[in-house]
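Here's the structure we're looking at; comments come further down.
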Amino acid sequence: MSETAQETVLLRPVPACGNARLLIYAMRRMAVGGLNDAFAANALLSLFGARARRPTLLLRAMMAEVARSAQRQLIIAPCCCRMMTHTEAELLLILTTALERPRFAHARICMLLESEHALGVLSSAQAVALAFADLGRPLAVQVEDEAEPAFPID
């Protein structure tokens, strides 16, 4: 199976954490409908209420930075799908580890985007994770694939 065909296979179920599920939904909506997608903004508004502006803007910035930095096509599942693609699982892993293990998260970002440097994406991911945590909605996802990347990071 080729690498591209392998990534289109839905790998894992969407996480049980409601915050992570909503984040996946908002990322999918922004990927399909653009950064100003009203459904994504409404979903974040329903989660955070009047404090939704910060996470919404930061998620938009992260998605824009991912699109700008990517050197390859990223596969996103439809919004109604109960499974995640490889890309979505990696983005969720990056978001959940960006604050505690930034070198690991940066290495995963570089592998996902096929880019040598993706510090903008790392900074954006840290900001999104911090916004969720600060507003009482931390991203609590069980991380299965935490092996260190095969290449050295400087």
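The values are calculated or read from the model by the stated rules, or taken from the named source; none is laboratory data. Source: prediction; values computed, not measured. Because the Cβ atoms are built from the backbone with ideal geometry, glycine has one as well, and the counts that use them run over all protein chains shown. These accessible areas exclude ligands, DNA and RNA; they are computed on the full protein's heavy atoms, side chains included. Shrake-Rupley method; radii C 1.70, N 1.55, O 1.52, S 1.80 Å.
General observations
- Positive dipole terminus of segment 17-114, leading residue within 34, 49, 102 (C-beta point charges): 49
- Calculated FRET value between residue 133 and residue 11, using beta carbons and R₀ = 30 Å, to 0.05: 0.70
- Annotation: per residue accessible area for segment 31-91 equals 53 Å², rounded to a whole number [probe 1.4 Å, protein chains only].
- In this simple spin-label approximation, residue 46 and residue 123 carry label points 7 Å from Cα along the Cα→Cβ vector, and these lie 3.3 nm apart.
- Each stretch of four or more DSSP H residues adds -39500 (n - 2.57); spread over every residue of the chain, this sum gives -18500 deg cm²/dmol at 222 nm.
- Build a GNM of the chain with springs between Cα atoms under 10 Å apart, and of 75, 24, 109 the one that fluctuates most is 75.
- Remark: the residue 68-residue 21 segment gains 14.5 nm on full extension, using 0.36 nm per residue and subtracting the alpha carbon distance.
- For segment 1-93, the set of chymotrypsin sites (Phe, Trp or Tyr not before Pro) satisfying both a DSSP loop assignment and a count of at most 15 other C-beta atoms within 10 Å is empty.
- With at most 14 other Cβ atoms within 10 Å, longest stretch of the chain clear of loop GluC sites (Glu not before Pro) (DSSP): 1-99
- For segment 60-113, averaging the sequence separation of C-alpha pairs within contact (under 8 Å, six or more residues apart) and dividing by the residue count gives a relative contact order of 32 percent.
- Result for the chain in a Gaussian network model with C-alpha springs under 10 Å: among 136, 34, 120, the largest mean-square fluctuation is at 136.
- With the simple spin-label model, which puts each label point 7 Å out from Cα in the Cβ direction, the residue 36 to residue 114 separation comes to 3.2 nm.
- Kirkwood-based Rg to Rh ratio, the chain, C-alpha trace: 0.93
- Normalised by the number of residues in the chain, the mean separation of alpha-carbon contacts (under 8 Å, six or more apart) gives a relative contact order of 27 percent.
- Accessible area of the chain belonging to carbon and sulfur atoms, whole % at 1.4 Å probe: 55 percent
- Note on residue 53 and residue 101: with the Förster distance fixed at 22 Å, the Cβ-Cβ geometry gives a FRET efficiency of about 0.20.
- Convex hull volume of the C-alpha atoms in segment 14-70, normalised per residue: 76 Å³.
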